[in-house]
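Undergrad: I am attaching a structure below and will ask some questions about it afterwards.
The values are calculated or read from the model by the stated rules, or taken from the named source; none is laboratory data. None of the values given here were measured: they were computed from a predicted structure. Every residue, glycine as well, gets a Cβ built from its backbone with ideal geometry; the counts of neighbours run over all protein chains shown.
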Amino acid sequence: MFAELGHYALVLAFVLAAVQAGVGYWGATRGDGRLMSIAPSAALMQLLFIGFAFAVLVRAYVTSDFSLLNVVENSHSAKPLVFKIAGTWGNHEGSMLLWVLILALFGASVAAFGANLPQKLKTLVLSVQGLIAAAFLLFVILTSNPFTRILPAPFEGNDLNPLLQDIGLAIHPPLLYLGYVGCSIAFAFAVAALIDGRIDAAWARWVRPWTLAAWLFLTAGIAMGSYWAYYELGWGGWWFWDPVENASFMPWLAATALLHSALVMEKRDALKIWTILLAILTFSLSLLGTFLVRSGVLTSVHAFASDPTRGVFILALLVFFIGGSLALFALRAPALAPGGIFAPISREGALVLNNMLLTAACATVLVGTLYPLALEALTGRLISVGPPFFNLTFGPLMIPLLLLVPFGPLLAWKRGDVYAAGQRLVFAFGAAILAALAAAALTGARGVLAILGIGLAAWLVAGALTEPAFRAKLFQAPLGDSLRRAYGFPRSVWGTMFAHLGLGVALFGIVASTAWQTETVAAMRPGGESIQVAGRTVVLDSILPRNGPNYSETVARFAVTDAGGRQIFLEPAKRVYAVRGTPTTESDIATIGFSQLYFSVGDILMDGTTTVRIYWKPLVTLIWIGPLFMILGGLLSLSDRRLRVGAPRRTRAAVVPAE
Amino acid sequence: MLQWLIMAVLTAAASIALLLPLYRNRAAGANAGAEAAIYRDQLRELDREVERGVIGPAEADAARTEIGRRLLRAADAAAPAREPASDQRRTLAAGLALVLVPVAAVGFYVAVGTPGAPDQPLAARLQVDNALGDIDAMVAMVEAHLASNPDDGEGWEVIAPVYSAAGRPNEAARAWANAIRILGSSAERETGLGSALTDINGGIVTEEARQAFERGLALDPTAIGPRFYLALGLGQEGRNEEAAAAWRALLADAPAEGAPWVPLAQAQLAMVDPTAPPPEIPAEQLQMIEGMVASLAEQLRQQPNNPEGWVMLIRSYNVLDRDAEALTALADAKAALAADPQQIANLDTLARELGLAVN
Amino acid sequence: MAMTRKQRRLTLIAAAGAVLVVAVGLLLFAMSNRLTFFQSPSDIVALAPPPTDRIRLGGMVEEGTVVKDPDGTVRFSVTDFSATIPVVYHGLVPDLFAEGKGVVTEGHVGADGIFAADTVLARHDENYMPPEVARSMENAPSLPPAGAAPLASATP
């Protein structure tokens, strides 16, 4: 009965979303306050119903209710509880339900926390959100319904793809979705502003924190997905320029640009039209990402969802939302009043340049992702666009951006002084030279590009530290004075510092692990000869069978001894999941400082002989520590006092209109 | 019934949530001052920025002018022209909430849902009362038990033959392997494993299976199962003499009262050694078989359009050494199936195979 | 630094134009040089691409051709049932790499006609066949042997 109630709640949520979109728009265009007040109510109820439906589906997974087709196809009674729960969104139907749940969550947040928004703007935003929700709920109900029943019910399910039975992947899609769908808020605000024909001051105040939140989730989701690919796929690669990865990377690039342009708009009321366009593009890229992943249009590594009817439906949604919003933009944008003025060399100018480079980089990724599809559709020729393409197009656009990052925060608003900023960055430049020299000395000057890369990374890190140091007059005023000044900084200053610092840290990891990684492939047997990897001695200690809850594995136990005689054991394995009989490779990783030893084994023969692939990846963990800094920076920025002020305090009762 | 009741409650909640704000009188234009407050805040922020040196004093003045201008504009627009709330629109919206929402939701649900279908959590379905008599449910019960107690060797041993009988040799092999791992090797378990492996490979005794049978034989040299399969394997490898010897040794150990495998072994022996006597069928079995053949013949006389039946009949006569009747049956079959050249060709092939004279 | 509004705007447009030119230039250059072409074994036999071309070769791993040397070198043949190309690869093959299964390899055709792969990709679950493989199998002039039929039917 619960399953059916969940299904009904989903249908009810669709009806509510349609009402929210229709009556909201009607009320807003008529200026009828009573009609407009329906929208927040509908948004909150919609969250309640979709939340209920989602809970019902989770319950069905936990209790192994095989009368639901979706549970049969993606679960198994022997699966550990945590993966039963994660299995709810580890498949197409469940993940789309999660998608609309998150959409409803954001819509309800606007309804609940948007008390300081002008009612008309708020209603229009909710109306746009309602339209998106209604469209996607319809998609879920008609083409991807997780509540489809199968009667009589089988007694066992088909298991979850073992590749997906991983805690990293259990968290990765929800994070990405929070990011993707979070972009819908900025989109809804942009479309609302276009419908309304004016941009309130509240607009930027709202768009920036929501974009920041979406950006945080995207950053975390992409970093986690990358780490998952790194340790689970057994290739030791962390970024493949796979179309599905690009699908999440493009919204990230656009959201990064949007963050920076929204900053200009919020502080200086400039770049309005551009920011609106960027808000539309960011969500369009999120939708495109959803389309690419969910339609099966690219059968890539992540090819676990493909169905052409769904593809056509999503494509229609894509055309409707992207085409509709861009048409609206073309019609209404010229009417928006221009904002504050600034000199080309200024904080604003730097942010504009940042935006140009980021969008250009995003465009190259877009071209590289869609070009093979277009070429195949038009000429039938099959090509693949891989790392060589992206390294050549994306890379060169990133280099000037990274070189310029430290300058931005040092330039004054409206009119800046490059020469003065340069003088302040002398220390950072020195640090970059030193780092490059140190790298050259340590590696015997192998790889000029990599050494320059290390210099660039050091430049970013030192440059990020320069701004607060300079503003606090560190080493120029007494220390106590500097600390007092630093204490008075708004948190966003620290946010900027950590985010830019994280970029440098990640670059350290990327350059070092790419340029100086070593790869050793050897056939080894227990008690056989040892090999040398990165100054360490590796022997195959033993081969042992082991049984897990729903798999059995053969573990190859390696002993690694370093020059100081310290010994660690690594246990990569070949695993077979009972139900599907699918073999998987379980790599094992030892973290030594910031570097990692990565072990992966091939088939293990009867006599214990196996082929092992050992990577030494210097500083590789920095690739993911960098994003952690960025997330920290984003959180600091998000907690900034200034993003909360600006509205008169209102009585508590009025804040939450419904319930 | 309960489902519809709860659905009604959910629908009512949705309708009421839409109706309430419509009929609640709220202060309109409460946000009039919001915009001005933001600009005032920006002005204060500007002072702090000058102090930190993020903006030059001259530019700050320019910015102040810009913000001031916007502040004035916001103050002008603070009282937006608003149409009076219309009661007509309210009634229309209320009607929407009260009628359209329930009708649309229920209608849509009935079209896509499965009203009344109960939940079927696995644990409840595996309650003994419910599962009794349903072989699938019982297998599922044991599987569920083994999933949580993968080291229960007896459990694996119980379920392994069930898998074999159900034609799931992969699972059977895994179950036997688990039983061996936990309980240790025994002739019976090794034979089970070996025969499951043989089944997986469509009846071919593979190297892996052969090793299992040999382990079983080592544990119990008198066991029939492993010897049977090993002999079969020898025959499949084309080592006919060794196979014939193995079959003879096996038949020599057959119990006096006969055993179900004896005719099979004799048939296999006849295949590897043409000089061996044809399978010897005990009298009562022979009688039974002849009874079955007779009834098949009778059946075919009444419903002759049954190619499989004819093939079976001809083969049976041949095995029983009644070639004359086989030939008659062949002719009858050809007459009955004359309309289908494909079947006629099949019958000719069969006749050649069995060495029946073809006219 | 006193610029008129118009000059400021021109500066911005010039900067945007420069970025655009660079981006388009990079794209065009990369498209002419850095694309990997998917080819089936038949294509390679017909076109005989030079060793400088980076090629993505897709097809089925031919039954009975996989040889794993002790030093980690793997040799096998990739077939589309009308032509067959020998492949050599040094390293670990993915989990789902197996005879009679779909595979995509990337690398170069050597002077000796052997395809030296630096990357081997297999399907990621049993329902997945690289789309290029599915395509080239459909176009293969002769029908695949019976053993390959279940895989061919996995074509999306």
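Undergrad: Do we find that C:Phe38 is among the aromatic types (Phe, Trp, Tyr), surrounded by 19 or more Cβ atoms within 10 Å (Cβ to Cβ), touching a Ser or Thr at 6+ places or on another chain (Cβ under 8 Å) and within 13 Å of another protein chain (Cβ to nearest Cβ) in this structure?
TA: Criteria met by C:Phe38.
Undergrad: Now for a separate question. Quick one: in segment A:469-490, which of the residues that are within 12 Å of chain B (Cβ to nearest Cβ) and charged (D, E, K, R) is surrounded by the fewest Cβ atoms within 10 Å (Cβ to Cβ)?
TA: A:Lys473
Undergrad: For segment B:234-245, does any single residue satisfy the condition of being touching a Phe, Trp or Tyr at 6+ places or on another chain (Cβ under 7 Å) and either under 28 Å from B:Asp152 (Cβ atoms) or not assigned by TED's automatic domain parsing to the domain that holds B:Leu320 (or both)? Please lay out each step first, then the result.
TA: Our first condition is that a residue be touching a Phe, Trp or Tyr at 6+ places or on another chain (Cβ under 7 Å); within segment B:234-245, this holds for none.
Scanning segment B:234-245, I find no residue that is touching a Phe, Trp or Tyr at 6+ places or on another chain (Cβ under 7 Å) and either under 28 Å from B:Asp152 (Cβ atoms) or not assigned by TED's automatic domain parsing to the domain that holds B:Leu320 (or both), so the answer is no.
Undergrad: Need pairs with beta-carbon distance below 9 Å; first residue basic (Lys, Arg) and within segment C:32-51, second crowded, with 16+ Cβ neighbours inside 10 Å and not in a helix (DSSP H, G or I); sequence gap 6+ or separate chains.
TA: The qualifying pairs are C:Arg34/A:Val385; C:Arg34/A:Gly386; C:Arg34/C:Arg54.
The rows are residues; the columns are (1) among the hydrophobic types (A, V, I, L, M, F, W, C); (2) farther than 22 Å from B:Gly155 by Cβ; (3) touching a residue at least 24 places away in the same chain (Cβ under 8 Å).
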{"position": "B:Ser185", "(1), (2), (3)": "no, no, yes"}
{"position": "B:Leu193", "(1), (2), (3)": "yes, no, no"}
{"position": "B:Val205", "(1), (2), (3)": "yes, yes, yes"}
{"position": "B:Glu208", "(1), (2), (3)": "no, yes, no"}
{"position": "B:Leu230", "(1), (2), (3)": "yes, yes, yes"}
{"position": "B:Arg239", "(1), (2), (3)": "no, yes, no"}
{"position": "B:Ala270", "(1), (2), (3)": "yes, yes, no"}
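Undergrad: Of the residues A:Ile132, A:Ile195, A:Ile185, A:Ile141, which single one is out of contact with any Pro (no Cβ under 7 Å at 6 or more places or on another chain), within 14 Å of chain B (Cβ to nearest Cβ) and part of a helix (DSSP H, G or I)?
TA: Of A:Ile132, A:Ile195, A:Ile185, A:Ile141, the one residue that is out of contact with any Pro (no Cβ under 7 Å at 6 or more places or on another chain), within 14 Å of chain B (Cβ to nearest Cβ) and part of a helix (DSSP H, G or I) is A:Ile141.
Undergrad: Another question about this same structure. With A:Thr520, A:Thr466 as the choices, which residue is surrounded by 15 or more Cβ atoms within 10 Å (Cβ to Cβ), in contact with a Lys or Arg (Cβ under 9 Å, 6 or more places away or on another chain) and within 14 Å of chain C (Cβ to nearest Cβ)? So that I can check it myself, show each step before the final result.
TA: Numbers: A:Thr466 fails: within 14 Å of chain C (Cβ to nearest Cβ).
Exactly one residue qualifies, and that residue is A:Thr520.
Undergrad: Report, by residue number, each residue of segment C:23-35 that is crowded, with 16+ Cβ neighbours inside 10 Å and assigned to a helix (DSSP H, G or I).
TA: If the condition is that a residue be crowded, with 16+ Cβ neighbours inside 10 Å and assigned to a helix (DSSP H, G or I), then C:Ala23, C:Leu26, C:Leu27, C:Ala30, C:Met31 are the ones that fit.
Undergrad: Please verify whether C:Asp43 is assigned by TED's automatic domain parsing to the domain that holds C:Thr119 and assigned to a helix (DSSP H, G or I), treating the condition exactly as stated. It would help to see each step written out before you state the result.
TA: Working: assigned by TED's automatic domain parsing to the domain that holds C:Thr119: yes; assigned to a helix (DSSP H, G or I): yes.
Yes: the conditions hold for C:Asp43.
Undergrad: Next question, about the same structure. Would you list the strands (runs of 3 or more DSSP E) that sit entirely within segment A:531-604 and hold 3 or more residues that are of a type in the set (A, V, I, L, M, F, W, C)? Give the steps one after another, and end with the answer.
TA: Working: elements: A:531-533, A:536-547, A:551-561, A:567-570, A:573-577, A:583-586, A:588-592, A:595-604.
Ranges flagged: A:536-547, A:551-561, A:567-570, A:588-592, A:595-604.
Undergrad: Related question: Quick one: is A:Thr651 at pLDDT below 85, on the phi < 0 side of the Ramachandran plot and in contact with a strand residue (DSSP E or B) (Cβ under 8 Å, 6 or more places away or on another chain)?
TA: No: the conditions fail for A:Thr651.
Undergrad: Within segment A:383-411, restricting attention to residues that are in a helix (DSSP H, G or I) and among the small types (Gly, Ala, Ser), which residue is nearest to C:Arg34 (Cα to Cα)?
TA: Here is the first cut: in segment A:383-411, the residues in a helix (DSSP H, G or I) are A:387-404, A:408-410.
Pick out the ones that are also among the small types (Gly, Ala, Ser) and you get A:395, A:408.
Values: A:Gly395: 14, A:Gly408: 33 Å.
Checking each candidate, the answer is A:Gly395.
Undergrad: Failed condition for C:Val19, given (1) at the interface with chain A (Cβ under 10 Å from one of its Cβ atoms); (2) closer than 15 Å to A:Ile383 by Cα, with all others met?
TA: C:Val19 satisfies all of (1) at the interface with chain A (Cβ under 10 Å from one of its Cβ atoms); (2) closer than 15 Å to A:Ile383 by Cα except (2).
Undergrad: Take the residues in segment C:112-137 that are at pLDDT below 80 and part of a loop (DSSP other than H, G, I, E, B); name whichever of them is nearest to the chain's Cα centre (by Cα).
TA: Step one: filter segment C:112-137 for residues at pLDDT below 80, giving C:119, C:121-137.
If we keep only those that are part of a loop (DSSP other than H, G, I, E, B) as well, we get C:123-130.
On the way: C:Arg123: 13, C:His124: 16, C:Asp125: 18, C:Glu126: 20, C:Asn127: 19, C:Tyr128: 16, C:Met129: 13, C:Pro130: 10 Å.
Among residues in segment C:112-137 that are at pLDDT below 80 and part of a loop (DSSP other than H, G, I, E, B), the one nearest to the chain's Cα centre (by Cα) is C:Pro130.
Undergrad: Would segment A:442-454 turn up any residue that is more than 33 Å from the chain's Cα centre (by Cα) and small (Gly, Ala, Ser)?
TA: Yes.
Undergrad: I've got another one for you. Please go through segment A:57-74 and give me each residue that is hydrophobic (A, V, I, L, M, F, W, C) and free of Cβ contacts under 8 Å to residues at least 60 places away in the same chain, ordered by number.
TA: Within segment A:57-74, A:Val58, A:Ala60, A:Val62 meet the criteria.
Undergrad: State whether the residues of segment B:208-221 include one that is part of a helix (DSSP H, G or I), polar (S, T, N, Q), under 30 Å from B:Ala245 (Cα atoms) and modelled with pLDDT under 85.
TA: no
Undergrad: Could you tell me how many of the residues in segment A:420-446 are aliphatic (A, V, I, L, M) and more than 18 Å from A:Gly504 (Cβ to Cβ)?
TA: The number of residues fulfilling the criteria is 5.
Undergrad: Taking A:Asp640 and the conditions (1) assigned by TED's automatic domain parsing to the domain that holds A:Ser542; (2) farther than 23 Å from A:Val521 by Cα; (3) of a type outside the set (Val, Ile, Thr), which numbered condition does it fall short on, given that it satisfies the others?
TA: (1)
Undergrad: Further, regarding this structure: Which one of these does A:Val244 not meet: (1) at pLDDT 90 or above; (2) closer than 25 Å to A:Met398 by Cβ; (3) not polar (S, T, N, Q)?
TA: A:Val244 satisfies every listed condition except (1).
Undergrad: Going through A:Leu358, A:Leu397, A:Leu410, A:Leu351 one at a time, which residue ends up being within 14 Å of chain B (Cβ to nearest Cβ), under 25 Å from A:Phe249 (Cα atoms) and buried (at least 21 other Cβ atoms within 10 Å of the Cβ)?
TA: Among A:Leu358, A:Leu397, A:Leu410, A:Leu351, only A:Leu351 is within 14 Å of chain B (Cβ to nearest Cβ), under 25 Å from A:Phe249 (Cα atoms) and buried (at least 21 other Cβ atoms within 10 Å of the Cβ).
Undergrad: Between a residue in segment C:62-74 that is facing another protein chain (nearest Cβ under 7 Å) and any residue that is β-branched (Val, Ile, Thr), which pairs come within a Cβ distance under 6 Å, given they are 6 or more apart or on different chains?
TA: C:Gly72/A:Val521; C:Gly72/A:Thr611
Undergrad: Could you say whether any residue in segment C:45-61 is touching a strand residue (DSSP E or B) at 6+ places or on another chain (Cβ under 8 Å) and among the hydroxyl-bearing types (Ser, Thr, Tyr)?
TA: Scanning segment C:45-61, I find at least one residue that is touching a strand residue (DSSP E or B) at 6+ places or on another chain (Cβ under 8 Å) and among the hydroxyl-bearing types (Ser, Thr, Tyr), so the answer is yes.
Undergrad: Further question: Tally up the residues in segment A:26-57 that are facing another protein chain (nearest Cβ under 8 Å), surrounded by 24 or more Cβ atoms within 10 Å (Cβ to Cβ) and closer than 18 Å to B:Thr11 by Cα, please.
TA: The total comes to 6.
Undergrad: Report yes if some residue within segment A:200-212 is assigned to a loop (DSSP other than H, G, I, E, B) and within 14 Å of chain B (Cβ to nearest Cβ); otherwise report no.
TA: Yes: segment A:200-212 contains one or more residues that are assigned to a loop (DSSP other than H, G, I, E, B) and within 14 Å of chain B (Cβ to nearest Cβ).
Undergrad: Tell me yes or no: at least one residue of segment B:179-190 is within 28 Å of A:Lys79 (Cα to Cα) and either assigned to a loop (DSSP other than H, G, I, E, B) or aromatic (Phe, Trp, Tyr) (or both).
TA: Yes, segment B:179-190 contains at least one residue that is within 28 Å of A:Lys79 (Cα to Cα) and either assigned to a loop (DSSP other than H, G, I, E, B) or aromatic (Phe, Trp, Tyr) (or both).
Undergrad: Taking the residues in segment B:77-95 that are more than 23 Å from A:Asp196 (Cα to Cα) and modelled with pLDDT of 85 or more as candidates, determine which candidate is surrounded by the most Cβ atoms within 10 Å (Cβ to Cβ).
TA: B:Ala94
Undergrad: Counting only residues that are within 18 Å of A:Lys473 (Cβ to Cβ) and aliphatic (A, V, I, L, M), which one in segment B:45-76 is modelled with the lowest pLDDT?
TA: Among those residues, the one meeting the criterion is B:Val54.
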